[in-house]
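Notes to accompany the following structure.
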Amino acid sequence: MRLSLRAGERVFINGAVLRVDRKVSLELLNDATFLLETHVLQPEEATTPLRQLYFAAQTMVMEPANAARARDLYRTLQAGILAAVTEPDIRDGLAAAGACVEADRLIEALKLIRGLYRAEAALLAEASGVAGPELSAPPARGPGRAPSLPRTA
């Protein structure tokens, strides 16, 4: 796997945080779990149920030492969402993401959850009658806005 990073960009690999000082390409020669900075959700951006679920899964990737607590939180959040939502696309996506989490395929789970954001926004907009700013995508990150590590309770 080859990763290309810009100066100042960070990547999270197996719980370690790497920041590069110049444009660089990294080649991972063995299996590693990594998360690019552009896919890191900040705590203040976890404003909807699916974003909170994403944050819990992200924590498993970024803080392996806290993975058991984050996994418990993930299960609790997922159960709550499934109890409240009847939308088949969201339920099916959550089932697939949950299976990935249980199989420790966390990056795949994150991709699946991100793919459900639009359906969640539509569902929340329908429920409230108005699409507010909390239903939009998180702000784009430029090179000057580096994410912090998530905190767990």
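The values are calculated or read from the model by the stated rules, or taken from the named source; none is laboratory data. Just so it is clear, the model here is predicted, and its values are computed rather than measured. Glycine also receives a Cβ, built like all others from the backbone with ideal geometry; neighbour counts cover every protein chain displayed. Just so you know, the surface numbers come from the protein's heavy atoms only, side chains and all, with ligands and any DNA or RNA stripped out. Shrake-Rupley method; radii C 1.70, N 1.55, O 1.52, S 1.80 Å.
Close contacts from region 34-54, counting a first residue that is basic (Lys, Arg) and a second that is surrounded by fewer than 20 Cβ atoms within 10 Å (Cβ to Cβ) and in a helix (DSSP H, G or I), with Cβ to Cβ under 7 Å and a gap of 6+ residues or different chains, come to Arg51/Glu45. One residue stands out in region 12-38 among those that are touching a Lys or Arg at 6+ places or on another chain (Cβ under 8 Å) and part of a strand (DSSP E or B): the one that is surrounded by the fewest Cβ atoms within 10 Å (Cβ to Cβ), namely Glu27. Candidates are the residues of region 41-94 that are closer than 16 Å to Ile113 by Cα and of a type in the set (Lys, Arg); the one that is least open to solvent (accessible area, probe 1.4 Å) is Arg51. If a residue has to be touching a residue at least 60 places away in the same chain (Cβ under 8 Å) and either over 21 Å from the mean Cα position of the chain (by Cα) or more than 25 Å from Asn66 (Cα to Cα) (or both) to count, how many in region 1-28 make the cut? Result for region 1-28: 3.
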